[in-house]
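Structure record follows, encoded as structure tokens.
The values are calculated or read from the model by the stated rules, or taken from the named source; none is laboratory data. Every value quoted in this text rests on a predicted model; they were computed, and no experiment measured them. Cβ: placed from backbone, ideal geometry, glycine included. Neighbour counts: every protein chain shown. All accessible areas refer to the heavy atoms of the entire protein, side chains included, with ligands and DNA or RNA removed. Shrake-Rupley method; radii C 1.70, N 1.55, O 1.52, S 1.80 Å.
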Amino acid sequence: MAFLHDEGELLVLDNAFNGRDVEVGLFDDTVDAIAEGDSYAAISTEPDGADYAVQSVTGPTVTQDAGTTSVEMGALSYNVSDATTSVNYVYVRDATSGDLIFTNALDQSYDLGSIDTLDLSNVGMELD
């Protein structure tokens, strides 16, 4: 079995995200149960409501610290004032092709019917 070493992790993630425009959206993975082979089309639980919009990020930040390579999207804010669904995951997809790059759990499930704005500050992924 091959192993991706620290420098390899940095090289792969940096090449994958450097200069890439991505879109970050919300969904309920309890319902969708996204698996590794799924595409964006498998996500059916994005927030309802006309005010919700995916967030665009240009060139997410790739860093490495103590052997952990991270991709971070920065601070994101979603207007969910007219949404009534719950969300517990984010997705990141390529802004041009729409290809699903990764999904990640939020720190908790959010009932969007009880908030107007969802602010997230730690969206991303990491490889150890």
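At least 3 residues that are crowded, with 16+ Cβ neighbours inside 10 Å and touching a strand residue (DSSP E or B) at 6+ places or on another chain (Cβ under 9 Å) in each: list the strands (runs of 3 or more DSSP E) lying fully within the range 8-72 that qualify.
Values: elements: 21-27, 55-58, 61-65, 68-72.
Output list reads 21-27, 68-72.
Residues in the range 65-76: is at least one in contact with a Ser or Thr (Cβ under 9 Å, 6 or more places away or on another chain) and of a type in the set (S, T, N, Q)?
Just the residues of the range 65-76 that are in contact with a Ser or Thr (Cβ under 9 Å, 6 or more places away or on another chain), to begin with: 69-76.
Add one more test, that the residue is of a type in the set (S, T, N, Q), and what stays is 69-70.
Within the range 65-76 (the criterion being in contact with a Ser or Thr (Cβ under 9 Å, 6 or more places away or on another chain) and of a type in the set (S, T, N, Q)), the answer is yes, since at least one residue qualifies.
Would you check which residues across the range 87-98 are surrounded by 12 or more Cβ atoms within 10 Å (Cβ to Cβ) and not aromatic (Phe, Trp, Tyr) and list them?
Val87, Asn88, Val90, Val92, Arg93, Asp94, Ala95
Quick one: in the range 108-128, which of the residues that are in a strand (DSSP E or B) and at pLDDT below 95 is most open to solvent (accessible area, probe 1.4 Å)?
Among those residues, the one meeting the criterion is Glu126.
For the range 73-107, which residues satisfy the criterion of being in a loop (DSSP other than H, G, I, E, B) and of a type outside the set (Asp, Glu)? Let's see the steps before the verdict.
The initial filter retains those residues of the range 73-107 that are in a loop (DSSP other than H, G, I, E, B), namely 73-75, 80-85, 95-99.
Passing the criteria: Met73, Gly74, Ala75, Val80, Ser81, Ala83, Thr84, Thr85, Ala95, Thr96, Ser97, Gly98.
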